[in-house]
Amino acid sequence: MTLKIILASHGELAKGMKNTLNMIVGDQANIKAYSAYEEENIDFVSDINKEIQNRNDEELIIVTDVMGGSVNNAMTELVLKNPDVFLVTGMNLPFVLSLATYCGRVDFEAINNLVIEGRKGLINVNEVIQTIKEE
């Protein structure tokens, strides 16, 4: 079973994330980016719903930018109607990179482990510098 990833955000974050990801791991045909509320994605919810309905034997995960934001709220409604679709919010490059290169079966536990890895990418560098200076 293949994995399809949808990145959805306010503004250009999702597109920028896909662009950066492509620079690191090459073009990933299984990843689509939707920048909500722009001219080309006026009806992004319908577009993403079509992606959900038209998937073949693909596992699907949607990654959004921020919990409680309108994009995440709209995707939550889609996931409530399609409980086999995973939804993660708080998009960051370490998480998306881990997800894009993940080779195992995607399930609840795998998603939780990938989220933990993504959180490790959020680091207060000033604290690291301070710790090094103190050593």
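Numerical summary
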quantity	calculated
Sole residue being surrounded by 13 or more Cβ atoms within 10 Å (Cβ to Cβ), at pLDDT below 95 and among the β-branched types (Val, Ile, Thr), chosen from 63, 45	45
Scope region 74-127; condition more than 23 Å from residue 55 (Cα to Cα), free of Cβ contacts under 8 Å to residues at least 12 places away in the same chain and not in a helix (DSSP H, G or I); matching residues	123, 124
Neighbours by Cβ (under 9 Å, 6+ apart or cross-chain): first from region 57-71, over 12 Å from residue 106 (Cα atoms); second in a loop (DSSP other than H, G, I, E, B) and of a type in the set (D, E, K, R)	71/65
Of all residues making up region 12-29, the number that are surrounded by 13 or more Cβ atoms within 10 Å (Cβ to Cβ) and free of Cβ contacts under 8 Å to residues at least 60 places away in the same chain	4
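The values are calculated or read from the model by the stated rules, or taken from the named source; none is laboratory data. Everything numeric here is computed off the predicted structure, so don't read it as measured data. FYI the Cβ positions are ideal-geometry reconstructions off the backbone, even for glycines, and counts take in every protein chain you see.
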